[in-house]
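A.B. asks: I have a structure I would like to understand better, so I am pasting it below and will then ask my questions one at a time.
Computed from the coordinates by the stated procedures, all read-outs in this text should not be read as laboratory data. Because the structure is a prediction, the values reported are computed rather than measured. We place every Cβ from the backbone using ideal geometry, glycine too, and count neighbours over all the protein chains shown.
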Amino acid sequence: MASINIYSKGILLLIILLISGFSSQGQQNWEWTRPSNEENTVSVILMADMNIQNRKDPSSGFIHIMPTLHQGDVLFCNLEGPFAGTSSDVIDIPHKSTWTHSDPAMVEGLVEAGFDAVGVANNVTYPYSALMRSLKVLDKAGIKHTGGGKNISSAIEPVIIEEKGTKIGFVQYAATVFPFNHVATKNQPGIAEIKVHTSYQAPPNLDKPAQPPVVLATPDEASLASMVTNISALKEKVDIVVASYHWGVSSALEPHAYQRIIGRAAIEAGADIVLGHGAHKLQTIEMWKDRPIFYCAGNAVFDWWKIRSSPNGLLIRAVVKDKKLDQVSFVPLQRDDDNAPILYDPSSEMGQKLISRIDGKGGLHRARLNIQGKEVVIYDAHAKESIPRLEKAWQLDGFSFPECAVYDKKRNRIYIGNMGNGNPDDGYISTIKDDGTIEKMLWLTGLNDPKGMDLQEDTLWVNDINQIVKIDVIQAKVIARIKAPDVVALNDLAVSPDGYVFSNDADGHKMYRIKNGEAKLYWRDLEQGRPNGVWAEKDRLLVATSNSHQLLSVSRGDRKPTLLSKGLGRGDGIEALADGGYLITDYGGRIFYFSPDEFLHTLHDSRGTMHTADLEYIAAKRLLVVPAHRNNVVQAFHLIW
């Protein structure tokens, strides 16, 4: 095994890695929530684009993840770089002037890492002389391959690996194909193609010069049908099918519509997992017929210099139990300066940044990303809990940095706290109806920075920078201003069932309790992060932190915190549901459902377009009201079970 050369980078780099989520896992096994060491359980590890070039030690690219790879029973990746070298009879790619094939000796990297099989159908497995030499190198190394061969029959032939009595089948196709002498035919070597037709339509605004055309791409019907037949036949022979595709547009952040057609067809034909690659960027993960489609899982080791600027990827793990898919999860990764992938805890700062790149847009059935331990679970055969979904009800604009919302059942109105433009006394409270109409924009003025609110009968409690404001809602009048000692900046506020008011000082890392008109320090913890959101119950407080991304349970007995979940992002608001779960907002644009089984499910993701600040859930109407702060709007969603 290769020596750990990360220490040569110095202590400073190690400290940075530890802070960002790298947990010195270079010589440790990754911690998985579901073991695979039972006799009836098989773990399959999948990685996307793999390119090993110009290394003195071919296995050095796996230095940080080698033990984790060795945990897997079956390993597969897309080999993007044939082990062909360059010679007079095997040339590099003529139409890709900067490309060089990998030296055959580099195959030892895959051998030491433990890869059982690779897919070879991609745009750089060209010309076919390079393909055929590379296949011989793989054969000699004992690594199986699919996606290329001496003719079309051998190119589409699946790889079948049996482990512990379970049969795993792999196929790979490429949509990224050079027009000449690249695709395998009846009498010519080449790769397996899923053919896609591209056409260009005139833009709708012809009155404007230099407008780009509309690009249309559709899978060839005969090619798609052949692929479906191949996958269906494979499913008859094996327990689990992994369909791998090299497709898409390089550096694109979203999959093209044609990829959805192919990926969904593969699932419907019998594939259990679709592994996509080719864009060299992390793209969304879709669940189709209860099976995952990874449209692009980024890169693994990739030494070709032009891809050095695309360092992100996923290590995917599928657990098969009793010959059935039991769980699918992933861990985000990023390559270091030596081009070696490092795995990151998904709850760490770096892990969160990488996960945020898995973005879902319209037309996709986006997978729920559930952080469990040190992995992100997207499929669990044992998940029995009911998970709600959100449906947009309405949206109101015209507010000034709206941050919080509270429902008044007695008066059938919703109070909205507006922070204003940051000037003294320009904060105010609006009232709106649950049908999305404004009752009174300036219901109460003269506040500074109203952030957290809660209602106690006819009293509205409001956090306002350095004081807790008590408002009589009947008169719409401030009746008291309670100063908190040593306060920095108050944020969320909650009233407990037994009548106590709890107020968070996020920047001060503490919480106050208001009793008999006086605010006293209740809880302080400098280690847990900024206590941003708070929900008060009879025996505990739930706290969402905004910089350590945690959900904490703080006992009202000994006042000690217990970690419930990580991965909240900038946790902001918390609301309880009747089923024992909670709705939680991440200020960056996400809404989570924290289930009674203590799993975190993403219900809504508008990062980059719409913020999600504090929230209010109106149980009788199943309506979730969410101020969007910097967007100056208030959104509402129907909660549907």
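A.B. asks: If R0 is 45 Å, what FRET efficiency do you get for ASN632 and ALA233 from their C-beta distance, rounded to 0.05?
C.D. replies: On the way: r = 57 Å, r/R0 = 1.26.
Here the calculated transfer efficiency is 0.20.
A.B. asks: Still on this model: Name the chymotrypsin sites (Phe, Trp or Tyr not before Pro) in the range 152-254 that are in a loop by DSSP and that have at most 11 other C-beta atoms within 10 Å, would you? List each step's numbers first, then the result.
C.D. replies: Details: sites: PHE170, TYR173, PHE180, TYR200, TYR245, TRP247; in loops: PHE180, TRP247.
Sparse-neighbourhood loop chymotrypsin sites (Phe, Trp or Tyr not before Pro): PHE180.
A.B. asks: Could you state the angle between the C-alpha long axis of helix 221-237 and the longest principal axis of the C-alpha atoms of the chain, as a value from 0 to 90 degrees rounded to the nearest 10?
C.D. replies: Taking the Cα atoms of the chain, the angle to 221-237 is about 90 degrees.
A.B. asks: Pull out the extension gain between THR185 and ALA578, defined as 0.36 nm times the separation in residues minus the alpha carbon to alpha carbon distance; nm, one decimal. Kindly include the intermediate steps, with their values, before the conclusion.
C.D. replies: Details: separation 393, 0.36 × 393 = 141.48 nm, distance 6.09 nm.
135.4 nm is the gain from fully extending THR185 to ALA578.
A.B. asks: For LYS483, go through the aspartates and glutamates and keep the ones whose alpha-carbon is under 20 Å away, minus same-chain ones fewer than eight residues off.
C.D. replies: Excluding near neighbours in sequence, the set is ASP425, ASP426, ASP449, ASP454, ASP464, ASP472, ASP492, ASP505, ASP507, GLU518.
A.B. asks: Label LYS560 and GLU349 with points 7 Å out from Cα along Cα→Cβ: what is the distance between them in nm?
C.D. replies: Distance between label points: 2.9 nm.
A.B. asks: Set the Förster radius R0 to 22 Å, insert the Cβ-Cβ distance between GLU527 and ASP337 as r into 1/(1 + (r/R0)^6), and round the FRET efficiency to 0.05. The partial results should precede the final answer.
C.D. replies: On the way: r = 31 Å, r/R0 = 1.41.
E between GLU527 and ASP337, to the nearest 0.05, is 0.10.
A.B. asks: Further question: By count of other Cβ within 10 Å, fewest leading, how are LEU135, LEU314 ordered? Let's see the in-between values first.
C.D. replies: Values: LEU135 22, LEU314 28.
The most exposed by this proxy come first: LEU135, LEU314.
A.B. asks: Let a ≥ b ≥ c be the square roots of the eigenvalues of the Cα gyration tensor of the range 7-380; is it rounded (a/c under 1.5), or, if not, prolate (a/b larger than b/c) or oblate? Don't jump to the answer; show the numbers that get you there.
C.D. replies: Numbers: a/c = 1.23, a/b = 1.19, b/c = 1.03.
Since a/c stays below 1.5, the shape of the range 7-380 is classed as rounded.
A.B. asks: Can you put LEU333, LEU206 in order of Cβ neighbours within 10 angstrom, beginning with the fewest?
C.D. replies: Lowest count first: LEU206, LEU333.
A.B. asks: Quick one: net charge around LEU583, please, counting Lys, Arg +1 and Asp, Glu -1 for every other residue with C-beta under 10 Å from its C-beta. Walk me through the numbers before you get to the answer.
C.D. replies: Numbers: positive: none; negative: GLU575, GLU616.
Cβ neighbours under 10 Å give a net charge of -2.
A.B. asks: Taking the Cβ of ALA620 as the centre, find all other residues whose Cβ is under 12 Å away and add up their charges (Lys, Arg: +1; Asp, Glu: -1). Walk me through the numbers on the way to the answer.
C.D. replies: Details: positive: LYS409, LYS621, ARG622; negative: ASP434.
Residues close to ALA620 contribute a combined charge of +2.
A.B. asks: Okay, next question. Could you tell me which label, among (1) 0.98; (2) 1.04; (3) 0.94, carries the value of Rg/Rh (Cα atoms, Kirkwood Rh) calculated for this structure?
C.D. replies: (2)
A.B. asks: State the extension gain, in nm to one decimal, for the chain segment bounded by HIS95 and ALA620, taking 0.36 nm per residue of separation less the distance between their alpha-carbons.
C.D. replies: Details: separation 525, 0.36 × 525 = 189.00 nm, distance 6.42 nm.
Going from the current span to full extension adds 182.6 nm.
A.B. asks: Can you tell me the dipole magnitude for the chain around its Cα centre, using point charges on the Cβ only (Lys, Arg +1; Asp, Glu -1), in Debye to the nearest 20? If you can, show how the numbers build up before the last one.
C.D. replies: Values: 67 positive and 75 negative charges, 88 e Å.
Here the chain has a charge dipole of around 420 debye.
A.B. asks: Here's something else I'd like to know. Suppose R0 equals 41 Å; then what is the FRET efficiency for VAL111 and ALA381 from their Cβ-Cβ distance, rounded to the nearest 0.05?
C.D. replies: On the way: r = 33 Å, r/R0 = 0.80.
Taking R0 as 41 Å, the efficiency between VAL111 and ALA381 is 0.80.
A.B. asks: Pop a pseudo-label 7 angstrom from the Cα along the beta-carbon direction at both ALA222 and ASP507 and give the gap in nm to one decimal.
C.D. replies: Label at ALA222, label at ASP507, 6.9 nm between them.
A.B. asks: Would you tally the net charge around PRO450, using a Cβ to Cβ cut-off of less than 10 Å, leaving PRO450 out, and scoring K and R as +1, D and E as -1? Don't skip to the end; give the middle numbers.
C.D. replies: Working: positive: LYS451; negative: GLU403, ASP449, ASP464.
My count for the surroundings of PRO450 gives -2.
A.B. asks: Then there's this: Per-residue HN-Hα couplings for the range 365-382, Karplus 6.51 cos²θ - 1.76 cosθ + 1.60 at θ = phi - 60°, whole Hz, x for Gly and Pro?
C.D. replies: 8, 5, 5, 7, 9, 10, 6, 10, x, 10, 9, 10, 8, 10, 9, 9, 5, 9
A.B. asks: Right, something else. Testing the spin-label approximation: label points 7 Å from Cα along Cα→Cβ at THR33 and ALA252. State their distance in nm.
C.D. replies: So the label points at THR33 and ALA252 sit 3.2 nm apart.
A.B. asks: Using the Cα gyration tensor of the range 389-640, with a ≥ b ≥ c the square roots of its eigenvalues, what is the shape: rounded (a/c below 1.5), prolate (a/b larger than b/c) or oblate (neither)?
C.D. replies: Working: a/c = 1.42, a/b = 1.04, b/c = 1.37.
Rounded, because the longest to shortest axis ratio a/c is under 1.5.
A.B. asks: Then there's this: Would you compute, from DSSP H runs of 4+ residues alone, the mean residue ellipticity of the chain at 222 nm, taking -39500 (n - 2.57) per run and dividing by the full residue count, rounded to the nearest 500? Spell out each step's value before the answer.
C.D. replies: Details: 8 runs with 79 residues, N = 641.
Mean residue ellipticity, 222 nm, calculated: -3500 deg cm²/dmol.
A.B. asks: Most exposed first by the Cβ proxy, i.e. fewest other Cβ within 10 Å, how do PHE399, PHE178 rank?
C.D. replies: Ordered by Cβ neighbours within 10 Å, fewest first: PHE178, PHE399.
A.B. asks: Mind checking which of VAL406, THR33, LEU216 is farthest towards the positive end of the chain's charge dipole, using Cβ charges of +1 (Lys, Arg) and -1 (Asp, Glu) about the Cα centre?
C.D. replies: LEU216
A.B. asks: Also, I was wondering about something else. With θ set to phi - 60° and the Karplus curve 6.51 cos²θ - 1.76 cosθ + 1.60, what are the ³J(HN,Hα) couplings of the range 630-641 in order, to the nearest whole Hz, using x for Gly and Pro?
C.D. replies: 5, 7, 6, 10, 10, 10, 9, 10, 7, 8, 10, 9
A.B. asks: Let me ask you something else. Shape verdict for the range 147-203, please, from the Cα gyration tensor: rounded (a/c under 1.5), prolate (a/b greater than b/c) or oblate. Write down the numbers at each step before the final one.
C.D. replies: Working: a/c = 4.80, a/b = 1.77, b/c = 2.71.
In terms of gyration-tensor shape, oblate.
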